[in-house]
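Heads up: the structure comes next, in structure tokens.
The values are calculated or read from the model by the stated rules, or taken from the named source; none is laboratory data. Just so you know, these numbers come straight off a predicted model, no measurement behind them. Cβ placement follows ideal geometry from the backbone for every residue including glycine, while neighbour counts extend to all protein chains displayed. In case anyone asks, the SASA skips ligands and DNA or RNA and just uses the protein heavy atoms, side chains included. Shrake-Rupley method; radii C 1.70, N 1.55, O 1.52, S 1.80 Å.
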Amino acid sequence: MYSEYFGEYIKILKVRSLKKGLGATTSYLAYCLDAGVIEGAIVVKATEHCKPEAVVARNSEELRATIGTKWVTIPLIDAIIDALRIERMDKVAIIGTPCQCQAIRDIKEYPMQLGDIFERITMIVGLFCMGSFTQDGFKTMLERKFGITLPEIVKADIKADKFVVYLRNGKIKELPIDEVKGDIKFACLSCDDFTAKSADISFGNAGSSNGWRSAIVRDESVLNLLSAAADAGYLEYRPLEQDGITEIEKMARDKAARAAQFK
Amino acid sequence: MRVSYIKLADCSGCMINFLDVLSLDYIELVYCPNLIDNRTLQQADIGFVSGSVCMEFKEHISILKELREKCRHIVTVGSCACVGGITRFCRGDQLPQTGHKTFLPVSEVIEVDYAIPGCPASTMILKKFVEAYHKGNEKYLLPFKNLVKKKRASGQDLQDEIVSAGLCVGCGMCALSCPVEAIEMIKGLPEVRMDKCIRCGTCYFRCPRNFLKLRKENAEVI
Ligand code: SF4
Ligand code: SF4
Ligand code: SF4
């Protein structure tokens, strides 16, 4: 099936993790790693003070350390080089924002560089994205809008229409999402892809709640993996209700409209 | 599919990578003085050209013109032929050909249909191009067609048109593809060291944000 907002897809599902401490995306990846479908997963891990770092997770333990939304997008290339050039893994999954998925899809379709390293990225996992910050932009936003510095926070999240930051001292601060929107990366404003259309499977919060995550499946083999992961007790999934689909569509439409102004 | 290949001012790296294309069973090489014995240009579907044109060397110009007449499509292979590449640094007065001074990309001399950059153009991209051409996959060929309009491309163009224009998403693919590692990601954005850049245009073609332009039908000047 084709949709302007979902790309070429097979199914839209909602997925919930059955493994303690893992989210839907990480449960799915944990299954792929445990079952040997992939040897490594290139993911972004938040180190201290929400500073992101691209790493290669080789098992579900390493994956567990990477859970949570990162507000800053960073180049994945160091981890790509680690996994593909240094460790010479043959089957690697890469998890990223729509723009990162697009970059990997392009480089696979148009292999300009010498060697075959991108053939060995066998799975692209996308994350819904409305925009992100640069490291400096995130820091400045926290200072100006929340009056706090980066080392003070442990986590940031979006809850309903609020951008919520959790502080080291246990306090919680929040602001309406509209107030932080102006601080996202400029490049995000011209980006029209919400659901990571070039990924084999995309996960996101939009459209689901209560521990469920929406998932857009674009590849038959991924669908088989999901069902195998469900059989192995890693996760459960069901078709996403129409309400959920409409919600994702709405966000995707908003993002595309925002980007259209820059065309 | 009948193909010809001519080599102008280049290092032969592209031609060596091109050898792999000849393993495709539907390819028939009808002219290539460096590889086969046939000395007269033949009618062909594609005329591949690698290397830039030395304007002081009349044979370069005459063979290009003849190639254009005899081939349905002209495809430039590698950065020297497409955008000048490293031959943009030529100063002339060098041995053994002291008379050779001026080097231009092929599209400045004859009409070109597709440009495949790279220093050298990779085996895989050449194969993918030929396969797409064979199948008539216009959509895949579009970026190569659009790139013809670009007569020069370097890290500076990436800086100007992508990074400074606020389009860069910081994916790092430019840094990964640069053959001389002239690009370093600093604070999540590419920083080009122009003293290292060999003006191959790989990063420029590679950048997924540039693909927005390169993938457009009838893209104007890029
Ligand atoms: S909004 Fe687009 S450009 Fe910005 S981080 Fe998300 S996918 Fe990348
Ligand atoms: S920066 Fe690197 S890839 Fe880009 S044009 Fe220069 S040498 Fe080529
Ligand atoms: S490839 Fe393009 S978008 Fe990616 S980091 Fe380089 S300039 Fe930015």
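When the helices of chain B are scored as -39500 (n - 2.57) per DSSP H run of n ≥ 4 and the total is divided over every residue, the value at 222 nm lands at -7500 deg cm²/dmol. Taking all protein chains together and rolling a 1.4 Å probe, B:His134 ends up with roughly 90 Å² accessible.
Taking the 1.4 Å solvent-accessible surface of region A:14-96 as the whole, the part contributed by carbon and sulfur is 48%. Summed over both chains, the contact between A and B buries some 2600 Å² of accessible surface at a probe radius of 1.4 Å. Counting charges near B:Gly188 (Lys, Arg +1; Asp, Glu -1) among other residues having Cβ under 10 Å from its Cβ returns a value of +1. Taking a straight Cα-Cα cut-off under 21 Å and skipping sequence neighbours fewer than 8 places away in the same chain, the lysines within cross-link reach of B:Lys216 are A:Lys108, A:Lys197, A:Lys255, A:Lys263, B:Lys128, B:Lys135, B:Lys139, B:Lys145, B:Lys149, B:Lys150, B:Lys151.
Cα centroids of region B:187-218 and region A:187-211: 25 Å apart. For region B:81-114 versus region A:234-263, the inter-centroid distance based on Cα atoms is 50 Å.
Annotation: B:Leu24 carries an accessible surface of approximately 30 Å², with a 1.4 Å probe and no ligand, DNA or RNA atoms counted. When only Cα pairs below 8 angstrom with a gap of at least 6 residues are kept, chain B shows a relative contact order of 18 percent. Here the extension length gained between A:Lys91 and A:Tyr166 equals 23.3 nm, from 0.36 nm per residue of separation less the Cα-Cα distance.
The distance between label points at A:Leu150 and A:Lys108 comes to 3.2 nm (points 7 Å beyond Cα on the Cα→Cβ vector).
How much length is gained if the chain between A:Asp219 and A:Asp178 is pulled fully straight, taking 0.36 nm per residue apart and subtracting their Cα-Cα distance, in nm to one decimal?
Going from the current span to full extension adds 11.3 nm.
Net charge in the neighbourhood of A:Ala232 (other residues with Cβ under 12 Å of its Cβ; Lys, Arg +1, Asp, Glu -1) is -2.
Comparing A:Ala232, A:Phe138, A:Thr122 along the charge dipole axis of chain A, the residue lying farthest to the positive side is A:Phe138, per the Cβ-charge model.
The length gained on full extension between A:Phe186 and A:Asn210, counted as 0.36 nm times the residue separation minus their Cα-Cα distance, comes to 5.4 nm. Radius of gyration (Cα atoms) of the protein assembly as shown, expressed as a multiple of 2.2 N^0.38 Å: 1.08. Ranked by solvent-accessible area (1.4 Å probe, protein heavy atoms only, all chains present), the residues A:Ile172, A:Ile67, A:Ile81, A:Ile42 order from largest to smallest as A:Ile172, A:Ile67, A:Ile81, A:Ile42. Distance from the C-alpha centroid of region B:15-44 to that of region A:85-153: 41 Å, rounded to the whole angstrom. Looking at region B:61-137, the accessible area is 45 square angstrom per residue; that uses a 1.4 Å probe and ignores ligands, DNA and RNA.
By accessible area, using a 1.4 Å probe on protein heavy atoms only, region B:2-149 has 51% of its surface on carbon and sulfur.
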